[in-house]
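These notes concern the structure reproduced below.
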Amino acid sequence: MHWYEDEVKGLEKKRLQLATEPHTLFYGSSSIRLWTTLDEDFKELVPVNLGFGGSTLAACVWFFERIMAEYRPQQLIIYAGDNDLGDGRNPEEVFVFFQQLVTRVAQRFGNLPCYYVSLKPSPSRWNIAAQFKYTNQLIQNEIASHCSNWTFIDIFSAMLDASGKPKKELYDSDGLHLSKKGYQLWHDVINHSLQ
């Protein structure tokens, strides 16, 4: 996990530089980190962007205590797990990391309202789309059965076209990261789920 150290240290410093107490923590991988308009898109939620590039769900668990230190949020929104599968992990492993994250959140924040944004259907990882769907299903079922303060946000379906393939205009040229239109869709879907 040492390769994340510089970014994690940056997030620790960020907390010290904040002038206000954020109400909503956005946590996860580069899909969060690269959301440059997040503060403006969700200004009514008083957000802070705690994404770190290339992060896995495993890394989100590993660094949770350090990154969340001193925060007293009203809600938590998470996107992670995409890179775990991209790195060769299987859905069951990602599911275990999710369970570990739920435990960490409960230990630190109690019954905090939490939102898990489903894994997205990236064109560059479409060859393992079945694993993404299965991972989403495992996590969605867990939330429905055992996590009363968590909400599953299905972004996967919203990013598919009529033929069931990823909408390419929602992605950057690498077929993995989001375009401006992609972030607009994420904003709309997430915002709707919070209401």
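Any read-out appearing in this document is the output of simple, stated calculations on the displayed coordinates, not a laboratory observation. Predicted, not measured: the structure shown is a model, and the values here were computed from it. Counting neighbours? That spans all protein chains shown, and the Cβs are built from the backbone with ideal geometry, glycine included.
When the Kirkwood radius is taken over all Cα pairs of the chain, what Stokes-Einstein diffusion coefficient follows at 20 °C and 1.002 mPa s, in µm²/s?
Values: Rh = 16.8 Å.
It diffuses with D of about 128 µm²/s by this estimate.
In nm, what is the difference between 0.36 nm times the number of residues separating Asp39 and Ser124 and their Cα-Cα distance? Could you put the intermediate results ahead of the total?
Details: separation 85, 0.36 × 85 = 30.60 nm, distance 2.77 nm.
Computed gain between Asp39 and Ser124 is 27.8 nm.
As an exercise, use a Förster radius of 22 Å and the Cβ-Cβ distance of Ala106 and Ser145 to find the FRET efficiency, rounded to the nearest 0.05. Don't skip to the answer; put the middle values down first.
Details: r = 16 Å, r/R0 = 0.71.
Rounded to the nearest 0.05, the efficiency is 0.90.
Can you tell me the relative contact order of the range 59-195? Whole percent, Cα pairs under 8 Å, sequence separation 6 or more.
Working: 146 pairs, mean separation 31.2, N = 137.
Dividing the mean separation by the residue count of the range 59-195 yields 23 percent.
Return the single residue from Asp82, Asp39, Asp161 with maximal mean-square fluctuation; model: Gaussian network over the chain, springs between Cα atoms under 10 Å.
Asp161
Taking a virtual spin label 7 Å from the Cα of Leu194 along the C-beta vector, which residues in the range 31-55 bring their backbone nitrogen under 16 Å of it?
32-33, 35-51
Give a residue-ordered list of calculated ³J(HN,Hα) values for the range 61-78 (Karplus: 6.51 cos²θ - 1.76 cosθ + 1.60, θ = phi - 60°; whole Hz; x for Gly, Pro).
For the range 61-78, the Karplus curve yields 5, 4, 9, 3, 4, 5, 6, 8, 3, 6, 7, 10, x, 8, 6, 10, 10, 10 Hz.
Helix check for the chain. Which DSSP H runs span at least 24 Å along their own axis by Cα, with a mean Kyte-Doolittle hydropathy no less than -0.5?
On the way: long enough: 91-109 (26 Å, 0.25); 129-146 (25 Å, -0.55).
Answer set is 91-109.
Output wanted: per-residue J couplings in Hz (rounded whole) for the range 151-163, from phi through Karplus 6.51 cos²θ - 1.76 cosθ + 1.60, θ = phi - 60°, x for Gly and Pro.
Residue by residue, the range 151-163 yields 10, 8, 10, 7, 8, 4, 4, 5, 9, 9, 8, 4, 8 Hz.
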